[in-house]
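Down below is the structure, laid out as structure tokens.
The values are calculated or read from the model by the stated rules, or taken from the named source; none is laboratory data. Since we're looking at a predicted model, the values are computed, not measured. So basically every Cβ, Gly included, is an ideal-geometry build from the backbone, and we count neighbours across all protein chains shown. Just so you know, the surface numbers come from the protein's heavy atoms only, side chains and all, with ligands and any DNA or RNA stripped out. Shrake-Rupley method; radii C 1.70, N 1.55, O 1.52, S 1.80 Å.
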Amino acid sequence: MCAALLFGLVMAPGAVMGDEFETQTADQARLANLVLQDCGSCHGLTLRGGLGPPLRPEDLGGLQVEAIAAIIREGVPDTAMPPWKPLLSPEEIHWISRQLKSGALVSP
Ligand code: HEC
């Protein structure tokens, strides 16, 4: 009984945090959609740029995942780039940053 309780705690969703965090598949689909629709409204629906600069991996070459996450979190002052921390969790922002770096959300 004790072991079962422990197992339940270890397996509880949300128990895994930090770099090991992996968003659930449904969340990932929601986030991918948000990136293309909301971020895409400024950065282009294919992230090739618009009001905001393009966000393909080749455009972000000089920026590490952490730097991209910081920009998404805080925004860029005095530009149209808004801070996303009121809307997205740190894990969601980190996931988006990794997708932008890998180009997984952009069709070739
Ligand atoms: C209202 C328009 C707008 C929206 C919405 C927006 N951005 Fe931006 N973004 C900008 C602008 C403008 C810049 C350029 C700021 C500057 O001049 O440095 C920028 C810059 C960036 C940069 C830095 C790019 C670089 O090469 O320096 C990243 C990364 C970025 N945005 C990611 C995102 C993500 C991810 C989202 C969605 C969660 C998003 N943006 C939504 C307008 C927007």
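Using mean Cβ contacts within 10 Å as the protection proxy, how do 60-67, 95-102 order, highest first?
Numbers: 60-67: 12.4, 95-102: 19.0.
My ranking of the peptides, most packed first, is 95-102, 60-67.
A simple spin-label model places pseudo-atoms 7 Å from Cα toward Cβ; at residue 64 and residue 87 they are separated by 2.8 nm.
The apolar share of the surface of segment 25-102, taken as the fraction of accessible area on carbon and sulfur atoms (1.4 Å probe, ligands and nucleic acids excluded), comes to 60 percent.
Averaged across orientations, what area in nm² does the convex hull of the alpha carbons in segment 25-102 project? Intermediate results must be reported in sequence, preceding the final value.
On the way: hull surface 19.1 nm².
Mean projected area for segment 25-102: 4.8 nm², to one decimal.
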